[in-house]
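Working notes, beginning with the structure itself.
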Amino acid sequence: MRAPCGLGVWAAPFVYVIALLGTWLLANESARPWAFLLLIASAVLAVVLWGRQNWLYAFPSDSTAPTHINRSRLFYLLGVGIALLLVLAADLRYAAAPNETFGLAGILWTAGLALLLCSVFFASHSLWGGSSAPSLRPWPTWEIALLAFVFLLALLSRVWKLTNFPANIYPDEIMTGTVAQSYITPTTPPPSVFSTLWSGIDLPALWFWIVAVFLKLGGTSLAMLRLPAALFGAATILPLYGLLRGTWGRYAAIAGSTIMAFSVSNVHYSRLALNNIVTQFFWATCFFFLLRALRSRRPSDWVLAGLSAGLSEYFYYGTRLLPFILAMFMVFLLAIHWKQARQYASGFLLLAGSYLVGFGPLLVHFIRNPNLYLGRGASLLIWSPHIPISFADFRQAWKTIWLVLSENLLGFSTRSSQDIIFYGPLLFPVESALLVLGVALLLWHWRHPAAFLILASGLGVLLVGGTLVAYPNSVPPLINHWTPAFPAFYVALALPVGAWATAGKSELERQLRWILPATIGIALLLLGWCNLNFYFHRYYADPESLKSKAYRSAQQNYEVQTAQSRYSASLGRNYEVFTIGQSPWPYDPVTTRYLVKEQKWTVLTNPATELASLTRDNKGMAFLFFAGNEQYEEMTHALFPGGKHGEVTSGHGKHLFYTYVLPPPEAQATQK
């Protein structure tokens, strides 16, 4: 008979409240020591409550693998070998003809990818079909429907009014579109998709080619510019759900994927025309198939993990940490789980080979330009990487790193991001409290391969990309550098939910188990409403939240430029816009073209004479008066009567500029 009142269920709210209180106290510097004590206490209690739970075993019970040689296995080996040769030929072709946009190198690479996938899927079903991997619970119809709903929620929260939210338009978004124009209206032959573009930034060209495809299909607009990243952000829900479900169960998968679907920071980075968020999709996919490969031993899982890792090289810089994480994971398996890991020699080789296949001809580009791969990160290090040989050296290194790392830790719930892209902490305090408990459980189970992989990826990105790499004049935290670790963070905050549900299923009477889905469902609904309501109604890119003077000044400039472009776009193409007098903030015609097409804009540097000489046509007229030029409003009204005066303010009500607008009929009526 199960106890009706299990400690693992009813003590959980008490532990969570302690963690939540500690998270809230982090915002008060004088109370921060007490906050750390509360967080440590909650972590210890979480381990006491749920640390003895058994996670799904990472390895199959039968450690043997098919070793017999037959015709099917020979076909599999032959297919893999030919696929590798095709990709090698693609690499050589790119080395010989690096200026082809896709060319023969792309055809050979694509053929190698297709043949490799066909070979391993055939082998997985014919040779490894009887694997003794631990069987997962079947997928009932309601769970499939729920996952579809979560994915739809993620998709809608990322594509709904994509032009309007976020209101701030980051200059790198527009630059992404400008670089993509080399594939839309090229003045020279389009660059190779296996090269890097954007001088000084050197991002892989494939991302810009993808953006160009969307701009071609949907037209040059801000929504189409942002759409590729939004789709990648929403798609991450699927591998994350599988990753969580495979080790920690259904409730953890539902909680983690749903929170990712509506989390403010994840939604925001997914709604920008930047490829930072793309990396989380490939990392989550790689980890999902990698952990499944340990259980199934199927070649298809090893290959899909490797291809996901290799293809991620075509996007954000942060993915360049992934080879080191995978190498560390293999060393961990060989050192801690040698008995099982020695059976995976062929799997490790297949993982590495498929990584190189996914990398493709881009690898040749980096070999020919070795400073491009790690050079950008190395040039931005805050500390010269070396082994301290004296106490003073160690003390100085620790002081430098800890100052940044401590700010990063506060960035999870307290400190607003200082990356000039996102203006807020990574998570709400109620989510960060779950993260603390989840990290404690991961550390307690560090010998489990899934726990080690999540810890290595999350802590690795936080330490290297988040702490050691920083821009000049920047101030931590820079959450845009954390995006590769987003799946690890959502896995961690989902673990306490899964642990609580697991305890409930074993400790509660059957008639009381409805408490589990009801509580989790209500909590997720409230949390989702809080996140989405905040982002779409109260989120604001406030320059005053930036500590760096250079960044604050830049954002003040972006704020006014964006407001001017959005105001002009709100008028429509049937207006002529005039800036009266010199403006301290230059007009950005490129940004405006992504919001409205064929709108004429003119700056009147000498309003006293130029206003009277304006030639009017059938279009409406809009006059913008920035600081120092307000005295021309009366003159403009006298020359063009019948218009409406207005004011444009920031999201927090700060005055930006005044306006005077004559709609087309009134403008036409004033003509004599």
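Given TYR587, TYR540, TYR535, TYR551, which one is touching a strand residue (DSSP E or B) at 6+ places or on another chain (Cβ under 9 Å), closer than 24 Å to THR176 by Cβ and either open to solvent by 30 Å² or more (accessible area, probe 1.4 Å) or in a helix (DSSP H, G or I) (or both)? If you could, list the steps in order and put the result at the bottom.
Values: TYR540 fails: touching a strand residue (DSSP E or B) at 6+ places or on another chain (Cβ under 9 Å); TYR535 fails: touching a strand residue (DSSP E or B) at 6+ places or on another chain (Cβ under 9 Å); TYR551 fails: touching a strand residue (DSSP E or B) at 6+ places or on another chain (Cβ under 9 Å).
One residue alone meets the criteria, TYR587.
Output the residue which, of all residues in the range 159-184 that are touching an Asp or Glu at 6+ places or on another chain (Cβ under 9 Å) and either assigned to a helix (DSSP H, G or I) or open to solvent by less than 20 Å² (accessible area, probe 1.4 Å) (or both), is farthest from TYR423 (Cα to Cα). Give the derivation first.
If we filter the range 159-184 for residues that are touching an Asp or Glu at 6+ places or on another chain (Cβ under 9 Å), which is where we start, we get 168-169, 171, 174.
Then drop every residue that is not either assigned to a helix (DSSP H, G or I) or open to solvent by less than 20 Å² (accessible area, probe 1.4 Å) (or both), which leaves 169, 171, 174.
Numbers: ILE169: 13, PRO171: 16, ILE174: 19 Å.
Filtering the range 159-184 for residues that are touching an Asp or Glu at 6+ places or on another chain (Cβ under 9 Å) and either assigned to a helix (DSSP H, G or I) or open to solvent by less than 20 Å² (accessible area, probe 1.4 Å) (or both), the one farthest from TYR423 (Cα to Cα) comes out as ILE174.
Can you tell me which residue is nearest to ALA167 (Cα to Cα) among those in the range 415-435 that are open to solvent by less than 40 Å² (accessible area, probe 1.4 Å) and β-branched (Val, Ile, Thr)?
ILE421
Can you find, within the range 469-491, the residue that is nearest to LEU146 (Cα to Cα) among those that are small (Gly, Ala, Ser) and open to solvent by less than 20 Å² (accessible area, probe 1.4 Å)? Steps first, please.
Let us first name the residues in the range 469-491 that are small (Gly, Ala, Ser), namely 470, 474, 485, 488.
Filter again for open to solvent by less than 20 Å² (accessible area, probe 1.4 Å), leaving 485, 488.
Working: ALA485: 25, ALA488: 22 Å.
Restricting to residues being small (Gly, Ala, Ser) and open to solvent by less than 20 Å² (accessible area, probe 1.4 Å), the top hit is ALA488.
When only residues in the range 395-413 that are outside any loop (DSSP other than H, G, I, E, B) and hydroxyl-bearing (Ser, Thr, Tyr) count, which is nearest to the chain's Cα centre (by Cα)? Spell out the reasoning first.
Taking the range 395-413 as the starting set, the residues that turn out to be outside any loop (DSSP other than H, G, I, E, B) are 395-410.
Imposing the further condition that a residue be hydroxyl-bearing (Ser, Thr, Tyr) reduces the set to 400, 406.
Details: THR400: 27, SER406: 22 Å.
Result: SER406.
Of the residues that make up the range 622-637, is at least one under 36 Å from the mean Cα position of the chain (by Cα) and open to solvent by 20 Å² or more (accessible area, probe 1.4 Å)?
Pass one, the range 622-637, residues under 36 Å from the mean Cα position of the chain (by Cα): none.
No; the residues of the range 622-637 include none that is under 36 Å from the mean Cα position of the chain (by Cα) and open to solvent by 20 Å² or more (accessible area, probe 1.4 Å).
All but one of (1) farther than 22 Å from ALA35 by Cα; (2) in a helix (DSSP H, G or I) hold for VAL430; which doesn't?
With respect to (1) farther than 22 Å from ALA35 by Cα; (2) in a helix (DSSP H, G or I), VAL430 is out only on (1).
If only one of ALA494, ALA499, ALA450 is buried (at least 21 other Cβ atoms within 10 Å of the Cβ), in a helix (DSSP H, G or I) and touching a Phe, Trp or Tyr at 6+ places or on another chain (Cβ under 6 Å), which one is it? Break it down into steps so the answer makes sense when it comes.
Working: ALA494 fails: touching a Phe, Trp or Tyr at 6+ places or on another chain (Cβ under 6 Å); ALA450 fails: touching a Phe, Trp or Tyr at 6+ places or on another chain (Cβ under 6 Å).
Result: ALA499 is the single residue among ALA494, ALA499, ALA450 that is buried (at least 21 other Cβ atoms within 10 Å of the Cβ), in a helix (DSSP H, G or I) and touching a Phe, Trp or Tyr at 6+ places or on another chain (Cβ under 6 Å).
Would it be correct to say that PHE289 is at pLDDT 95 or above and touching a strand residue (DSSP E or B) at 6+ places or on another chain (Cβ under 7 Å)? Talk me through it step by step, then tell me what you get.
Values: at pLDDT 95 or above: yes; touching a strand residue (DSSP E or B) at 6+ places or on another chain (Cβ under 7 Å): no.
No; evaluated as a whole, the condition is false for this residue.
I'd like to verify a number: residues in the range 502-523 that are open to solvent by 30 Å² or more (accessible area, probe 1.4 Å) and in a loop (DSSP other than H, G, I, E, B), how many?
Total meeting the criteria: 3.
Which one is farthest from the chain's Cα centre (by Cα), of the residues in the range 590-611 that are open to solvent by less than 70 Å² (accessible area, probe 1.4 Å) and over 28 Å from GLN181 (Cβ atoms)? Spell out how you get there, then give the answer.
Step one: list which residues in the range 590-611 are open to solvent by less than 70 Å² (accessible area, probe 1.4 Å), which gives 590-592, 594-596, 599, 602-604, 607-608, 610-611.
Filter once more, keeping what is over 28 Å from GLN181 (Cβ atoms): 604, 607-608, 610-611.
On the way: LEU604: 43, PRO607: 47, ALA608: 50, GLU610: 49, LEU611: 48 Å.
Top of the filtered list is ALA608.
The values are calculated or read from the model by the stated rules, or taken from the named source; none is laboratory data. A quick note: this is a predicted structure, and the numbers were derived from the prediction, not measured. Cβ coordinates were reconstructed from backbone atoms using ideal geometry, including for glycine residues, and neighbour counts include every protein chain displayed. These accessible areas exclude ligands, DNA and RNA; they are computed on the full protein's heavy atoms, side chains included. Shrake-Rupley method; radii C 1.70, N 1.55, O 1.52, S 1.80 Å.
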